[in-house]
Amino acid sequence: MSIKQEELEEIYAFAVQLGKDAGAILLERAQERFDGSKQAEQGHIEKVNAVDLVTQTDEDVEAFIKSKITKQYPSHKFIGEETYSRGVSRDYLIDDEPTWCIDPLDGTVNYMHLFPMFCVSIGFIVNGKPVIGVIHAPFLNQLFSSCSGKGAWLNESQKMPLTRNPTPPLPPNAPSGCVFSCEWGKDRRDQPDSNLHRKVESFFNMASEIGGREGKGGMVHGVRSLGSATLDLAYVAMGAFDIWWEGGCWEWDVAAGIAILKEAGGLITTANPPADPATAAIEEVKLGSRLYLAIRPAGPSANETGRQSQERTVREVWRRVRHLDYSRPGV
C-alpha cells in the first residue's frame, strides 16, 4: 500500500504532537512520584520476571495514544506493547497495511526508579517499513523525530546526526575508539550458554584490550547501557553512540528508532554474526527479528565512503559477539 508524501507529512505532524502530549503525561506522573503532590503511583506488575514490569502509567499512556489514533485514523492498524503483551500469541503481526507501533513507556524500570532515561515511542509503518518515528524523553526535554524524505530532528530544530559537521567517518580501527551501547535484557537465566552468558561474553570482548580475549578484544572507548533500547537507537542516530548491539527487543522497542536512525543516515542489520563475517552480505534487518545491530551515520574519509566505514564496523563487531537466540513465530 502506498501513502502520498503530503499525507505522510500530515501523519508526521499528528505523530509529533501525539508524542508531545503523551510525554507530558509521563512527566506529570513522574513529577507526582517526586513531590507527592497527588496520590502517586506506587505499584507495578511483573510480566515475565522481576525486570519485565508494567505500571498503571504504561497502561494509561497506551490507552491515551490508541484513542487519539483511532479517532484520527480509524482505518490504521494499532500494535501497542501492553495490549500485545496481554495476548497469548507472540506472532509477528505487522504486514503491508499502515500500522502504528507504540511503546507507551520504554524504560519502565528507569521510570520506577526515577532515572530519567524513559520515553514514549511512536512508530508508523507502511509496507512493513518504519517511515515515521517519534521518541519523546520528557524528563530530558528531548524529542527525536523523523519522516521519510524529510530528515531526522532533535526538538524539531536540530537536524541529526549531531556529530561534527561534516559527519566524521567511523574510526579506522573500529570498534576501537567507539562508544558501544548494549542492554542486559530481560532474559536473566543463569544457565551455561544462555543469552545472558553470551551477552556478557560479547560485552567483555568489546571492552577488552586489543589482542585480548584470544584476539577478540575491541578496546571500545566505553560501554553504555541506558535501560531503554528506544533511546539507545535515538542516540546512535544522534551520533552520540557509535554502535548498538542487542537481542530480545520487540518491534515497539525499535520501530520509531529505526525510522529515525535510517533517516539520519545510520545502518541497521542483524545482531547475529554470520558464518563468515568477512564476506557475508550486510542486509537490512527485518523489524520483527528481535536481533539488531545499529551503526551511527558516517561520513567519507580519504580511503572509503561513509557506508564502507559502517560496513567495516559491522564486520568487526560480528567478529567479537556471540550468536543470540530470540526466535519467534512468523519471522
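The values are calculated or read from the model by the stated rules, or taken from the named source; none is laboratory data. Only a predicted model underlies this, so the values are computations on that prediction, with no experimental measurement involved. Methodologically, a virtual Cβ is constructed for each residue, glycine included, from the backbone with ideal geometry; neighbour enumeration extends over all protein chains shown.
Within the stretch 282-322, can you find the residues that are in a loop (DSSP other than H, G, I, E, B) and more than 17 Å from Ile243 (Cα to Cα)?
Lys286, Pro300, Ser301, Ala302, Asn303, Glu304, Thr305
Under 8 Å between Cβ atoms, which residue pairs at least 6 apart in sequence (or on different chains) link something in the stretch 191-209 that is within 18 Å of His221 (Cα to Cα) with a partner that is assigned to a helix (DSSP H, G or I)?
Going by the 8 Å Cβ cut-off, the qualifying pairs are Phe204/Arg213; Asn205/Arg213; Met206/Val317.
May I ask you to say which residue of Glu97, Glu156 is in contact (Cβ under 8 Å) with a residue 12 or more places away in the chain, closer than 30 Å to Ser301 by Cα and among the acidic types (Asp, Glu)?
Result: Glu156 is the single residue among Glu97, Glu156 that is in contact (Cβ under 8 Å) with a residue 12 or more places away in the chain, closer than 30 Å to Ser301 by Cα and among the acidic types (Asp, Glu).
If you check Leu162, Leu231, which single one turns out to be modelled with pLDDT of 95 or more and either outside the structural domain of Thr305 (by TED's automatic domain parsing) or in contact with a strand residue (DSSP E or B) (Cβ under 9 Å, 6 or more places away or on another chain) (or both)?
Just a single option satisfies the conditions, and that option is Leu231.
How many residues does the stretch 214-234 contain that are in contact with a helix residue (DSSP H, G or I) (Cβ under 6 Å, 6 or more places away or on another chain) and free of Cβ contacts under 8 Å to residues at least 60 places away in the same chain?
2
Can you spot a residue in the stretch 297-305 that is at pLDDT below 95 and not assigned by TED's automatic domain parsing to the domain that holds Val223?
no
Please report, ordered by residue number, the strands (runs of 3 or more DSSP E) entirely within the stretch 91-138 with at least 3 residues that are in contact with an Asp or Glu (Cβ under 8 Å, 6 or more places away or on another chain) and within 18 Å of Ala24 (Cα to Cα).
The strands (runs of 3 or more DSSP E) meeting that bar are 99-106, 119-126.
Among the residues of the stretch 299-325, what is the count of those that are closer than 21 Å to Ala255 by Cα and touching a helix residue (DSSP H, G or I) at 6+ places or on another chain (Cβ under 7 Å)?
The number of residues fulfilling the criteria is 2.
What number of residues within the stretch 223-234 are crowded, with 24+ Cβ neighbours inside 10 Å and not aliphatic (A, V, I, L, M)?
Of the residues in the stretch 223-234, 3 are crowded, with 24+ Cβ neighbours inside 10 Å and not aliphatic (A, V, I, L, M).
On the given criteria, is Asn205 closer than 24 Å to Tyr326 by Cα, in the same structural domain as Glu304 (by TED's automatic domain parsing) and at pLDDT 95 or above?
Taking the combined requirement at face value, the residue satisfies it.
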